[in-house]
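Laboratory data are not the source of any read-out in this text; all were calculated from the coordinates shown. Just so it is clear, the structure is predicted and the values come from calculations on it, not from any experiment. Cβ atoms come from the backbone with ideal geometry, glycine included; neighbour counts cover every protein chain shown.
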Amino acid sequence: EDQVTQSPEALRLQEGESSSLNCSYTVSGLRGLFWYRQDPGKGPEFLFTLYSAGEEKEKERLKATLTKKESFLHITAPKPEDSATYLCAVQASGGYNKLIFGAGTRLAVHP
Amino acid sequence: DVKVTQSSRYLVKRTGEKVFLECVQDMDHENMFWYRQDPGLGLRLIYFSYDVKMKEKGDIPEGYSVSREKKERFSLILESASTNQTSMYLCASSLTGQGNIQYFGAGTRLSVL
């Protein structure tokens, strides 16, 4: 069964304290791995797509990496405005564009 | 920019009522999706549609139905609302081939009393 597990469930950082969020997945043929950011009371906002092991993408203080079993979202020198829930999702081959989501990591960055 | 609009941000309904949640996208996407989001469970797919009048069951379709009469509009219907359908409902759309990125609406928080 296709599955996505995110850890930790919640993370509290001080401003400037770099860290990483983990997304482990099992899927029958990975078509793509997606990272989204979700602010309270809003819909998820697309951040990155990764398609193959070894691929990396960056956006401001965020960098996403992918291996054959997991993805990491690295946050460098975070600011309070990076506080949000970060969602990971995978799309399996032959999956009709369906996404399978993890439960998310709630990130709080304190000044 | 892709825009996915959900008709209501908040809804309060009574048990047994028929509830309609509407979603409209303005980017000519062929794929549309309905999810529900509950704490600790993440987003779970209810139904999706890959073309007008076409629909496929997701992981938790029980108690729900959908309608897609026009390409831009995808409706979620709760035939007889129950308290366990209290949740955040999210609509998304995507274009096959353009990275299959799903774009989400702001969500509808439904409370069934």
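Here are the numbers for this structure:
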read-out	value
Percent of alpha-carbon pairs separated by more than 18 Å within the stretch B:3-113	44 percent
Spread of Cα-to-Cα distances over 5 Å intervals beginning at zero, given as percent, for the protein assembly as shown	1, 7, 15, 19, 19, 16, 12, 7, 3, 1, 0
Distance between the stretch B:1-44 and the stretch A:19-67 - C-alpha centres, whole angstrom	23 Å
Within straight-line cross-link reach of A:LYS79, aspartates and glutamates at Cα separation under 17 Å, skipping those fewer than 8 residues along the same chain	A:GLU15, A:GLU17, A:ASP39, A:GLU58, A:GLU60
Partner chain coverage, peptide B:40-49 - average Cβ within 10 angstrom	4
Extension gain from A:SER20 to A:HIS110, taking 0.36 nm per residue of separation minus the Cα-Cα distance	30.8 nm
Residue pairs, from the table A:LYS59/B:LYS70; A:LYS98/B:LYS3; A:LYS42/B:LYS53; B:LYS18/B:LYS70; B:LYS3/B:LYS71; A:LYS68/B:LYS3, whose Cα atoms sit over 25 Å apart	A:LYS59/B:LYS70; A:LYS42/B:LYS53; A:LYS68/B:LYS3
The stretch A:51-102 - convex hull of the alpha-carbon atoms, volume per residue in Å³	93 Å³
Kirkwood-Stokes translational diffusion coefficient of chain A, alpha-carbon pairs, 20 °C, 1.002 mPa s, µm²/s	153 µm²/s
